[in-house]
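**Student:** Let me give you the structure first, and then I'll get to my questions.
The values are calculated or read from the model by the stated rules, or taken from the named source; none is laboratory data. Since this is a predicted model, take the numbers as computed values, not measurements. So basically every Cβ, Gly included, is an ideal-geometry build from the backbone, and we count neighbours across all protein chains shown. All accessible areas refer to the heavy atoms of the entire protein, side chains included, with ligands and DNA or RNA removed. Shrake-Rupley method; radii C 1.70, N 1.55, O 1.52, S 1.80 Å.
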Amino acid sequence: DLAHPYSFTTLIQLKDIICANQNLFVPRLPAMVAKDLKSFYKQLNRLNGIRNQVMHPVREEPPTEQDFEFVREMHHTLATPLWR
């Protein structure tokens, strides 16, 4: 639903929200994510970089196959059924 406020939230803003409210998110995040939040924050930064590369291309460098695989892994890691 585009009217939902999170429709206008960037990945970095979501990272900041989770970071500032870890006590609320940790019990609900997928267990694999919750046990290593520092790594998860780095992954969100990388995901944001890939998103920016696709949505705001400055150079003629398309995302790599490794970028594509990373996005696929993040999608699987954050799948809704894994949330507690």
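**Student:** Might you check whether a residue that is over 19 Å from His76 (Cβ atoms) and either polar (S, T, N, Q) or touching a Pro at 6+ places or on another chain (Cβ under 9 Å) (or both) occurs anywhere in the stretch 27-45?
**Tutor:** The answer is no, given that none of the residues of the stretch 27-45 is over 19 Å from His76 (Cβ atoms) and either polar (S, T, N, Q) or touching a Pro at 6+ places or on another chain (Cβ under 9 Å) (or both).
**Student:** Filter the stretch 15-42 for residues that are within 20 Å of Thr80 (Cβ to Cβ), outside any loop (DSSP other than H, G, I, E, B) and either in contact (Cβ under 8 Å) with a residue 40 or more places away in the chain or open to solvent by less than 60 Å² (accessible area, probe 1.4 Å) (or both) and give the result.
**Tutor:** If the condition is that a residue be within 20 Å of Thr80 (Cβ to Cβ), outside any loop (DSSP other than H, G, I, E, B) and either in contact (Cβ under 8 Å) with a residue 40 or more places away in the chain or open to solvent by less than 60 Å² (accessible area, probe 1.4 Å) (or both), then Lys15, Ile17, Ile18, Phe25, Ala31, Met32, Val33, Ala34, Leu37, Phe40 are the ones that fit.
**Student:** Let me ask another. Please list, ordered by first then second residue, the pairs with beta carbon atoms under 9 Å, 6 or more apart or interchain, first in the stretch 59-84 and of a type in the set (Ser, Thr, Tyr), second in a loop (DSSP other than H, G, I, E, B).
**Tutor:** Thr77/Pro30
**Student:** Considering only the stretch 55-66, I want to know if a residue exists there that is surrounded by 11 or more Cβ atoms within 10 Å (Cβ to Cβ), out of contact with any Pro (no Cβ under 8 Å at 6 or more places or on another chain) and of a type in the set (Lys, Arg).
**Tutor:** No, the stretch 55-66 contains no residue that is surrounded by 11 or more Cβ atoms within 10 Å (Cβ to Cβ), out of contact with any Pro (no Cβ under 8 Å at 6 or more places or on another chain) and of a type in the set (Lys, Arg).
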